[in-house]
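Colleague: Once you've had a glance at the structure underneath, I'll fire off some questions.
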Amino acid sequence: MNNTYIVGTFDVAELAFLAFFVFFVGLVIYLNRESRREGYPLEDEFTGKVQAGLPLSDAGKKTFKLPHGRGVYVPEDVARDPVEVPGVRTFRAGGAPYSPTGDAMKDGFGAASYANRNDYPDLTFDGNLRIVPIADSHDIVIAPNDPNLVGWPVIAADKKVAGTVSDIWVDQSEHIIRYLEITTNAGTKVLAPMNVVAVQTKGLLTGILPDNPEQVEISAITSEQFEAVPGLAKPGQITRLEEDKIMGYYGGGYLHATAERSEPWL
């Protein structure tokens, strides 16, 4: 009655140990397969050649069901980034920095690079355009105590007037200002993200101290570089890809707008 053997000398303890061992090995294989759904297969830094995967490493493609009837997104089915870029390595080694061979901001290179996001507009929960000119929004207005920036001059990194603010673009999901539309000196309409904008008002001591001019300052790029800001394919709406290009252009300006910015500080 007290015999714990199942077959021969094979007992319950051995069964529990073997069951745990099989489970643990299976768990390790499962976790390693799942960890390779993104960022794999690996590719060579110099040639872009895709490296073969390890046995039992392929867990299949990860899929994302997109909202608003836009189908299914499979990251692995998207074309891989090109190996040939508008730059050269400063020395031949993995992880070596690149030096641009052309206009880094126009080429979307280095600090001005951007992600190849989907080329369609971002939408609100109910399917409307998320980022629009303020006049096209759902009753979003400038607060009475805040300045309306339309008509204000835009001062660039070279302290020159690059144009004037002609419109304000708002986010209908977050109810905040996302972009200022600027009409340049040549009449081109471009967008500038609010995170690179500094608004200068007259101040609290108006009439006591010399007045500050009301202006918008954008130190990311020079006045001439406003003409090359990535444009919009369709007036009144901005796609996700266009957003990334615009952000990359202004962000890259902090490093590539002038020759001095690209040099070391020390």
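The values are calculated or read from the model by the stated rules, or taken from the named source; none is laboratory data. Please read all numbers here as calculations on a predicted model, not as lab measurements. Methodologically, a virtual Cβ is constructed for each residue, glycine included, from the backbone with ideal geometry; neighbour enumeration extends over all protein chains shown. Calculation scope for accessible area: heavy atoms of the full protein, side chains included, ligands and nucleic acids excluded. Shrake-Rupley method; radii C 1.70, N 1.55, O 1.52, S 1.80 Å.
Colleague: Looking at segment 119-137, is at least one residue among the small types (Gly, Ala, Ser), open to solvent by less than 60 Å² (accessible area, probe 1.4 Å) and without any contact (Cβ under 8 Å) to a residue 60 or more places away in the chain? Let's see the steps before the verdict.
Modeller: First pass over segment 119-137, keeping only residues among the small types (Gly, Ala, Ser): 127, 135, 137.
Within this subset, residues satisfying the condition of being open to solvent by less than 60 Å² (accessible area, probe 1.4 Å) are 127, 137.
Narrowing further to those that are without any contact (Cβ under 8 Å) to a residue 60 or more places away in the chain: 127, 137.
Yes, there is a match, as at least one residue in segment 119-137 is among the small types (Gly, Ala, Ser), open to solvent by less than 60 Å² (accessible area, probe 1.4 Å) and without any contact (Cβ under 8 Å) to a residue 60 or more places away in the chain.
Colleague: Okay, next question. Could you count how many residues in segment 27-49 are part of a loop (DSSP other than H, G, I, E, B) and at pLDDT 85 or above?
Modeller: Count: 0.
Colleague: Of everything in segment 55-70, what is at pLDDT below 75 and surrounded by 12 or more Cβ atoms within 10 Å (Cβ to Cβ)? Give them in sequence order.
Modeller: Matches in segment 55-70: Ser57, Asp58, Ala59.
Colleague: Kindly indicate whether any position in segment 246-264 is of a type in the set (Lys, Arg), in contact (Cβ under 8 Å) with a residue 40 or more places away in the chain and open to solvent by 30 Å² or more (accessible area, probe 1.4 Å).
Modeller: no
Colleague: In segment 119-173, which residues are part of a helix (DSSP H, G or I) and farther than 20 Å from Arg240 by Cβ? Spell out the reasoning first.
Modeller: So in segment 119-173, the residues part of a helix (DSSP H, G or I) come out as 134-136.
Once the filter is applied, which keeps residues that are part of a helix (DSSP H, G or I) and farther than 20 Å from Arg240 by Cβ, segment 119-173 yields Ile134, Ala135.
Colleague: Among the residues that make up segment 89-104, is at least one of them under 30 Å from Ser166 (Cα atoms), open to solvent by 50 Å² or more (accessible area, probe 1.4 Å) and not aromatic (Phe, Trp, Tyr)?
Modeller: Looking through segment 89-104, at least one residue is under 30 Å from Ser166 (Cα atoms), open to solvent by 50 Å² or more (accessible area, probe 1.4 Å) and not aromatic (Phe, Trp, Tyr).
Colleague: Out of the residues in segment 189-218 that are in a loop (DSSP other than H, G, I, E, B) and at pLDDT 95 or above, state the one that is surrounded by the fewest Cβ atoms within 10 Å (Cβ to Cβ).
Modeller: The residue in question is Val197.
Colleague: Kindly check whether there is at least one residue in segment 29-44 that is among the aromatic types (Phe, Trp, Tyr) and loosely packed, with under 12 Cβ neighbours inside 10 Å. Reasoning before the result, please.
Modeller: Narrowing segment 29-44 to residues among the aromatic types (Phe, Trp, Tyr): 30, 40.
Imposing the further condition that a residue be loosely packed, with under 12 Cβ neighbours inside 10 Å reduces the set to none.
Within segment 29-44 (the criterion being among the aromatic types (Phe, Trp, Tyr) and loosely packed, with under 12 Cβ neighbours inside 10 Å), the answer is no, since none of the residues qualifies.
Colleague: Residue check: is Val83 exposed (fewer than 12 other Cβ atoms within 10 Å of the Cβ) and out of contact with any helix residue (DSSP H, G or I) (no Cβ under 7 Å at 6 or more places or on another chain)?
Modeller: In short, no.
Colleague: Would you confirm, using the coordinates I've provided, whether Leu15 is open to solvent by less than 60 Å² (accessible area, probe 1.4 Å) and at pLDDT 85 or above?
Modeller: no
Colleague: Kindly establish whether Arg240 is among the basic types (Lys, Arg), touching a helix residue (DSSP H, G or I) at 6+ places or on another chain (Cβ under 6 Å) and open to solvent by 50 Å² or more (accessible area, probe 1.4 Å).
Modeller: It is false that Arg240 is among the basic types (Lys, Arg), touching a helix residue (DSSP H, G or I) at 6+ places or on another chain (Cβ under 6 Å) and open to solvent by 50 Å² or more (accessible area, probe 1.4 Å).
Colleague: Scan Trp152, Trp169 and give me the residue that is over 27 Å from Gly108 (Cβ atoms) and surrounded by 15 or more Cβ atoms within 10 Å (Cβ to Cβ).
Modeller: Only one candidate passes the filter, namely Trp152.
Colleague: Please count how many residues of segment 90-117 are part of a loop (DSSP other than H, G, I, E, B), more than 17 Å from Leu241 (Cβ to Cβ) and aromatic (Phe, Trp, Tyr). Break it down stepwise before answering.
Modeller: From segment 90-117, those part of a loop (DSSP other than H, G, I, E, B) are 90-97, 101-103, 108-109, 113-117; that's our starting set.
Then keep just the ones that are more than 17 Å from Leu241 (Cβ to Cβ); that gives 90-97, 101-103.
After this cut, where a residue has to be aromatic (Phe, Trp, Tyr) as well, the list is 91.
So the count comes out to 1.
Colleague: Could I ask something else about it? If you scan segment 149-202, which residues turn out to be charged (D, E, K, R) and either in contact (Cβ under 8 Å) with a residue 60 or more places away in the chain or in contact with a strand residue (DSSP E or B) (Cβ under 7 Å, 6 or more places away or on another chain) (or both)?
Modeller: Across segment 149-202, the qualifying residues are Asp158, Lys160, Asp167, Asp171, Arg178, Glu181, Lys189.
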